[in-house]
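The values are calculated or read from the model by the stated rules, or taken from the named source; none is laboratory data. Just so you know, these numbers come straight off a predicted model, no measurement behind them. We place every Cβ from the backbone using ideal geometry, glycine too, and count neighbours over all the protein chains shown.
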Amino acid sequence: EDKEEDESKEEDNGSQQNRASRRKNYQRKNRDGKKAREEGSQKKDRGKTAPNKDQKESENKEKKTTKRGKEGENKQKKGRKNSTSSASSNSSDEESLSEEELAMLKEQVEQKKKLISTMRNKPWRMVKKLSVLREAQDFVEKFEGALGKGKGKKLYAYKMMMAKKWVKFKRDFENFKTQCIPWEMKIKEVESHFGSSVASYFIFLRWMYGVNLVLFGLIFGLVIIPEVLMGMPYGSLPRKTVPRAEQATAMDFSVLWDFEGYIKYSALFYGYYNNQRTIGWLKYRLPMAYFMVGISVFGYSLMVVIRSMARNANESTADGDDDNFIFSWKMFTSWDYLIGNPETADNKFASITTSFKESIVDEQESNKDENIHLRRFLRVLANVLIICCLCGSGYLIYFVVKRSQTFSKMQNVGWYERNEVEIVMSLLGMFCPPLFETIAALENYHPRIGLKWQLGRIFALFLGNLYTFLLALMDDVNEKLAEEDVVKNITHWTLLSHHNSSAGNDSTVTPPPLSPADVPRGPCWETTVGIEFVRLTVSDILVTYITILVGDFIRACFVRFVNYCWCWDLEAEFPSYAEFDISGNVLGLVFNQGMIWMGSFYAPGLVGINVLRLLTSMYFQCWAVMSSNVPHARVFKASKSNNFYMGLLLLILFLSLLPVAYTIMSLPPSFDCGPFSGKKRMYDVIQETIELDFPLFVAKIFSYVANPGLIIPAILLMVLTIYYLNAVSKAYQRANAELKKKMQMQREEEKNKRNNKASTNPMLQDLEDLLTPSTKTESPPKQAEDKKTESPNGSSPVRKPGRGEVLAGSPTASGRGAAFTPPSQVFVTQPRTLGIRAPYPGQPRPWGHPLGPVPGRGRGQPCY
Amino acid sequence: MGNKQTIFTQEQLDAYQDCTFFTRKEILRLFHRYRDLAPQLVPLDYSDKPAVTLPYELIGSMPELKDNPFRQRIAEVFSEHGDGNMTLDDFLDMFSVLSEMAPRDLKAYYAFKIYDFNNDDYICKSDLEKTVNKLTRNELTPEEVSLVCEKVIYEADVDNDGKLSLADFQHMIIRAPDFLSTFHIRI
């Protein structure tokens, strides 16, 4: 409908241009042979009319091609009329003409510009687009300079030039941007093999990679690199040195693999950073930067996620839950034009056929509920089983984390004991989803609904696991905090005694400083948390890759090569090839990102690891999917899935923000490690910066702003705004629904009208059914009458039985037959049909309308 | 870049960028795709606009199209004479409309043309039957096909003329959640 409007506008433009050119022609005729100084403008006119005419013609052609030719011509005629009248009036007042002309010209130039910018949206042939474009460009080129005479001219020209430059720059930038988008061809390949749903995962992965690159740039550029370049070097401080006891094994691979040893005392973790207020000759305020980067990681992620959600929501104006167009959508949107692989195409054909058949069956028997009690029981049972699984997995993780804390106090623990938490979590993540799927088979949901349940359950599993892990970790942190107080005293005492002892020995010589490796130090809970997250991420990466390798690749190899010597067909029967698990992969990605967000504050290097992970998994998964997966047999695309995934991501982002915010706001930082050591709380760094580096009034303003008396009203205001906006959107929704209902009713009404017509046939039939006995009984006398009246016309009595047959047959024949019955016999029905038909004088064929063949349908579904 | 410049003049490239949804890199890539279909027919220099037309057999054999049940219709709709033979301009046009950036209305307009098999500017029952048969490879029985077609007309025909006009079609397709994501060919 928008387009229609567009075109009508265009037609208006056309008529306007038409008018203008006409007028000029007229004027030219008038002025011909008058004054020579008008030559210039005449030339201009001529130059203008020529393209205009062409344009007009082309537009006319266009109108004809779009089958709105008639309207266009009508409008043009109108335009012509207008032009003649206006031209006659214009010839009288030539003074105001130049002004008006200029305005007109300006308008036209603007129109042309608009045309140029929207050229690509026109449904024209390329040849036509090119020619129209060239004309428009020529026109703009020619008359742009002529505009803005006098004082505004230079400014106008400058503005035009800048606009041109801007357009060119934008285009170049676009070109550059599209060149920077990686993996376009890879995704295309996947897309053509597996359809758009599988490709959507890879597009999501690519998007995630982009977001992580930005985070990586932020953290590396503002925190890690300044610290490495300008901060104190390794070994200069206790926090930057491996303790003496660990130094022997600090370079062993088994130690490094657990992110202990040298890695623990590197810039990858929180503990390495010094609490020096400024570092290097730049006087870079590292603690401040660390804090701000930590916040902006969340800020940027929130912004990006919400922005892309909003964009998705804007794009999908369609309300997918509209039940009005089930068959139409199946018909016109079910084929995925991206498919470019015969195997996938076969699958798609099959799935479309089944979905059509399903819809037909649904249509024919809307509700066939056999043994609803059994199904209800099974569903409840399945949910109970799954809740048991969830609780069990949560408890298992809590138990394991607790156990790992006792292990960490012991010496000489094996590899398994050290990595138990990660292993258990990964195994749960690997085996629970298939288990859920098996249980879900009990429920017998429609696959699309089943998919949603499955997603929800896996989400609950991951979330539960993550939060039990966090809770257990929190216990650990609290323990460490208690331990820290003790260590703090010991450290203090050690340093003091060392100083005293050296001072006592020889007061003139400065005492040899205590080696930083020997200083006793606290547990540094921040680094512990960071290490936990890094280890979790790494083990997650490994498990994912191993699952792909074993579950997809080895299985595919086995199926392919053992198939030659096996008793049954492996490819078609039991093991077969794996399908690409979109939902599981997306959820895995989302949760991985949640861990990154949570961990990045305590382990700045984590984002780097994640960037590597995403990069490799792009290639690895692309390879795996192309080499060892088969396209889905039945693809049930969750519509609006993009925003669904984004919603999950937002939820995870929020949930991962909570623990980080909690630790920042309410736990004291370690006394001897990290950029905030020595402060009561981490956020004190902001206050410190403001007090020391900003003028006094900023500190004052800040203290006012931070006042709870101001914050609480602000929050209140926000809540009220949200409430108001929510109410407004609800009202809009209601209005929308109302309008929809109205439209529906209108359609219904028209349908009813039409169906009335359709139902005249069955109605007639019914009436005739009623009438037939009477007609049959009545017919002999009437026909006798007929015979009497017709006998002069020479009708033979032989015709009589023939006519009777026709009458007897008419009720069983279609309603149309009723039209042929003599009026004298159906005198009851005839006026009625006329009455119904009366409102439709415009209908060309009142009886033979296209729905004729299915007259019963209209009555069969009145409530549709 | 040097040899790319000789294929099109700068003005041509700019004009193509104005008329399609492609960037110059994509236009050049599309040109090479087009040329790869028949290297002996298509010259490497397009600055003087040679009138080269590739037959439908070549266009339809592209991997992007060859599994599409509507490939012939697509080629016919976008070809200048409706016979499926395409010039480079038609080729660019086709992939521009089917590209990701093309607006919904434009896509809907061409989708309508594609599904309008007999070119009478209405999607009537025979068109729908053809569509269903192409989508299901004639797996449905004639009764089922006709039921489906009737349902489609019943659902989407707003003006009650027993066939779908462009307005009906747009009204229906604009609400479809999957239309934009599926009526799309990445090149």
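Among A:Phe533, A:Phe580, A:Phe574, which is at pLDDT below 85 and within 30 Å of A:Leu650 (Cα to Cα)? Answer to the selection: A:Phe580.
In the stretch A:300-323, the qualifying residues are those that are at pLDDT below 65 and not hydrophobic (A, V, I, L, M, F, W, C), and the one that is nearest to the chain's Cα centre (by Cα) is A:Ser316. B:Ala176 passes every criterion in (1) outside any loop (DSSP other than H, G, I, E, B); (2) at the interface with chain A (Cβ under 7 Å from one of its Cβ atoms) apart from (1).
Evaluation of B:Phe117 against the conditions (1) part of a helix (DSSP H, G or I); (2) over 12 Å from the mean Cα position of the chain (by Cα); (3) surrounded by 19 or more Cβ atoms within 10 Å (Cβ to Cβ); (4) not aliphatic (A, V, I, L, M) shows that the sole unmet condition is (1).
What residue, of A:Ile701, A:Ile664, is within 38 Å of the chain's Cα centre (by Cα) and in the same structural domain as A:Val529 (by the TED database)?
Numbers: A:Ile701 fails: within 38 Å of the chain's Cα centre (by Cα).
Only one candidate qualifies: A:Ile664.
Every condition in (1) part of a helix (DSSP H, G or I); (2) away from every other protein chain (no Cβ under 11 Å); (3) touching a Lys or Arg at 6+ places or on another chain (Cβ under 7 Å) is met by B:Val42 except one, and the failing one is (1).
B:Asn133 passes every criterion in (1) part of a loop (DSSP other than H, G, I, E, B); (2) more than 9 Å from every other protein chain (Cβ to nearest Cβ) apart from (1).
For the stretch B:56-83, filtering for residues that are closer than 18 Å to B:Phe112 by Cβ, more than 10 Å from every other protein chain (Cβ to nearest Cβ) and not charged (D, E, K, R) leaves 4. Summed over the stretch A:420-470, residues that are surrounded by 17 or more Cβ atoms within 10 Å (Cβ to Cβ) and outside any helix (DSSP H, G or I) total 1. Do we find that B:Phe91 is buried (at least 22 other Cβ atoms within 10 Å of the Cβ) and in contact with a helix residue (DSSP H, G or I) (Cβ under 6 Å, 6 or more places away or on another chain) in this structure? For B:Phe91, the condition - buried (at least 22 other Cβ atoms within 10 Å of the Cβ) and in contact with a helix residue (DSSP H, G or I) (Cβ under 6 Å, 6 or more places away or on another chain) - is met. Residues in the stretch B:143-158 include none that are facing another protein chain (nearest Cβ under 8 Å), assigned to a loop (DSSP other than H, G, I, E, B) and without any contact (Cβ under 8 Å) to a residue 12 or more places away in the chain. In a residue-by-residue description of the stretch B:28-35, the property of being closer than 30 Å to A:Lys113 by Cα, in contact (Cβ under 8 Å) with a residue 60 or more places away in the chain and surrounded by fewer than 20 Cβ atoms within 10 Å (Cβ to Cβ) applies to at least one position. For the stretch A:542-580, taking the residues that are of a type in the set (D, E, K, R) and free of Cβ contacts under 8 Å to residues at least 24 places away in the same chain, the one that is nearest to A:Cys622 (Cα to Cα) is identified as A:Arg560. Within the stretch A:174-195, the set of residues being surrounded by fewer than 22 Cβ atoms within 10 Å (Cβ to Cβ), of a type in the set (Asp, Glu) and within 9 Å of chain B (Cβ to nearest Cβ) comprises A:Glu174, A:Glu184.
Only one residue in A:Val304, A:Val297, A:Val361 is within 14 Å of chain B (Cβ to nearest Cβ) and either among the β-branched types (Val, Ile, Thr) or assigned to a loop (DSSP other than H, G, I, E, B) (or both). Which one? If you could, list the steps in order and put the result at the bottom.
Details: A:Val304 fails: within 14 Å of chain B (Cβ to nearest Cβ); A:Val297 fails: within 14 Å of chain B (Cβ to nearest Cβ).
So the residue among A:Val304, A:Val297, A:Val361 that is within 14 Å of chain B (Cβ to nearest Cβ) and either among the β-branched types (Val, Ile, Thr) or assigned to a loop (DSSP other than H, G, I, E, B) (or both) is A:Val361.
Restricting the first member to the stretch A:302-322 and to residues that are in the same structural domain as A:Leu657 (by the TED database), and the second to residues that are modelled with pLDDT under 60, the beta-carbon pairs closer than 7 Å and six or more apart or on different chains are A:Ser316/A:Lys640; A:Gly320/A:Ser639; A:Gly320/A:Lys640. Please tell me if B:Glu80 is of a type outside the set (Phe, Trp, Tyr) and touching a strand residue (DSSP E or B) at 6+ places or on another chain (Cβ under 9 Å). So B:Glu80 fits the description; yes.
For the stretch A:328-358, the set of residues classified as within 8 Å of chain B (Cβ to nearest Cβ) and without any contact (Cβ under 8 Å) to a residue 12 or more places away in the chain consists of A:Ser328, A:Trp329, A:Met331, A:Phe332, A:Thr333, A:Tyr337, A:Pro342, A:Ala345, A:Phe349, A:Thr353, A:Lys357, listed by residue number. For the stretch A:606-628, give me each residue that is surrounded by fewer than 23 Cβ atoms within 10 Å (Cβ to Cβ) and closer than 18 Å to A:Ser266 by Cα. Listed by number, the residues that qualify are A:Gly608, A:Ile609.
When residues in the stretch A:474-502 are screened for being modelled with pLDDT under 80 and in contact with a helix residue (DSSP H, G or I) (Cβ under 6 Å, 6 or more places away or on another chain), 0 of them pass.
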